[in-house]
Every structure is written in C-alpha cells, then in structure tokens.
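The values are calculated or read from the model by the stated rules, or taken from the named source; none is laboratory data. The structure presented is a predicted model; accordingly, all values stated were derived computationally and were not measured. When we count neighbours, we look across all protein chains shown, and the Cβ atoms used for this are built from the backbone with ideal geometry, even at glycine.
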Ligand code: DC
C-alpha cells in the first residue's frame, strides 16, 4: 500500500476527539482531510436558512442532491462552503447542532452525501472522519479506527471547545445530555447508523491526550504503508 492510495477512516460518537485526531494524523502524514460531519452540517445550515421544515424529507433530499458544496482538504485549515457561502463557523452554531441529527437520518440525504464523499476520496491519500466511513463510505479503507471515550470526558471536551477553551462546569452537564441524545439518534437511525466496523481498531481516548492518540494511529498506518 502506497501512502497516496491510503484511506484512513476515523469513526466514533460526538466528542470522542475525531476531528483533532483526524487532522493531526493527516498533518503528520501529509494526507488530505475530509470532515463528513461538516457536510451534513452545511446541508442542515442551508435547510434552516431556506426555512425548509426538518420533516420535509423530499425537499431536504433535493437540497442535498443539488447544492454546491466545496471543501478545502487542508487539515491545517479545513473550510466548507455551500452555494458559494463560507459556512465553516456557522455550521458549528447551536441551531445547526440541534437540527443535524434529523437531517442526517434521511436516507436520500445520506446517499447524496456518500456519493460526494466517495468522489472526494477518489483513489485515496486521505483521512476521513465521520460515523459510517469504515462501514459504508469506504469499507475497503486500509486503516479503520473507532474512537471512543467516556461520556463525561467527551462532554467536558465538547463544552470546553464550545466555550472557546475555558472549562465551565455548569455547561458540562447539559453538554453530556445533548451528546447522549445525539448518540442515540445517530446509533438508532435506520440508514447507516453509527456502528463499529468489524475490522476497526477501537481506540479509547479517555485517558490519552490528542498527541498520544495521533501517535497511536500513525503507528497503525505505518504497519500497512510501504516506506
Ligand atoms: O461529527 P459532527 O458532530 O460534526 O457530525 C454532525 C452530525 O452528522 C451528527 O449528528 C452525526 C452526523 N454524521 C453522520 O450521520 N454521518 C457522518 N459520516 C458524519 C456525521
């Protein structure tokens, strides 16, 4: 396996540290980076912007199929735009976060996104993060990681991230409840739910810092890539 053909799939629940790890691995190895969650978020942002109801599945599918999406593959500064608007920051807002599980559960939205994701992956040389990469989007990925962490650790990280780096303990509890709600929605939906691929390596980031997890994943990649 050559590095230019390599696909590293990183799946796992919200707040397990996927983005930090995926970007760090891509940067260390000189690979492209694809955040598939950002794609579902961008479609959700556009649906809210256009006043499309979250149960108007037909309209959501139309939007997901027709919208122009552009992503920068640079792990150092990933950006995403939809219909020409840069939504890199906007897609992290609470309105999008609250609505994205409903949009990403629609089978037609998923098939439109999966087709685009496969196109971006192309012949490889990329680290891809999401929920269904190892199972559905890139089942032949040479390295599959399923990243997990304790719910409390995930909530603390996410709350800190949302507050711009400061840990506000009052926010942790509501973040943990919100993560639990999204985990249930993402894991129980009918269309390609969040599940671990049978050949994925489970990495628990509860007591490892990002550098430790990145090192671990890079070591796994080194085993399958020829020098
Ligand atoms: O990773 P994230 O929080 O940005 O993902 C946003 C939402 O999109 C989340 O509710 C799960 C969903 N998602 C998905 O269903 N499949 C993916 N490959 C990536 C994200």
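Look at the range 129-143: where a residue is farther than 16 Å from residue 191 by Cβ and a partner is modelled with pLDDT under 95 and surrounded by 21 or more Cβ atoms within 10 Å (Cβ to Cβ), sitting 6+ places away or on another chain with Cβ atoms under 6 Å, you get 129/18. Applying the set (1) in a loop (DSSP other than H, G, I, E, B); (2) surrounded by 15 or more Cβ atoms within 10 Å (Cβ to Cβ); (3) free of Cβ contacts under 8 Å to residues at least 24 places away in the same chain to residue 216 leaves exactly one unmet item: (1). Do the conditions hold for residue 142, that is, is it within 11 Å of the ligand (Cβ to nearest atom), surrounded by fewer than 19 Cβ atoms within 10 Å (Cβ to Cβ), at pLDDT 90 or above and over 20 Å from residue 17 (Cβ atoms)? No.
Only residues that are surrounded by 16 or more Cβ atoms within 10 Å (Cβ to Cβ) and away from the ligand (no atom under 16 Å from the Cβ) were counted in the range 162-192, giving 2. So is residue 158 within 13 Å of the ligand (Cβ to nearest atom), surrounded by 14 or more Cβ atoms within 10 Å (Cβ to Cβ), under 28 Å from residue 89 (Cβ atoms) and touching a residue at least 12 places away in the same chain (Cβ under 8 Å) or not? Yes, satisfied. Please indicate, with yes or no, whether at least one residue in the range 189-209 is assigned to a helix (DSSP H, G or I) and out of contact with any strand residue (DSSP E or B) (no Cβ under 8 Å at 6 or more places or on another chain). Scanning the range 189-209 turns up no residue that is assigned to a helix (DSSP H, G or I) and out of contact with any strand residue (DSSP E or B) (no Cβ under 8 Å at 6 or more places or on another chain). Selection of first residues in the range 33-57 that are at positive phi and of second residues that are assigned to a helix (DSSP H, G or I) and at pLDDT 95 or above, restricted to Cβ pairs under 6 Å at least 6 apart or on distinct chains, gives an empty result. Evaluate the following for residue 221: is it buried (at least 18 other Cβ atoms within 10 Å of the Cβ), part of a helix (DSSP H, G or I), at pLDDT 95 or above and over 18 Å from the mean Cα position of the chain (by Cα)? Yes.
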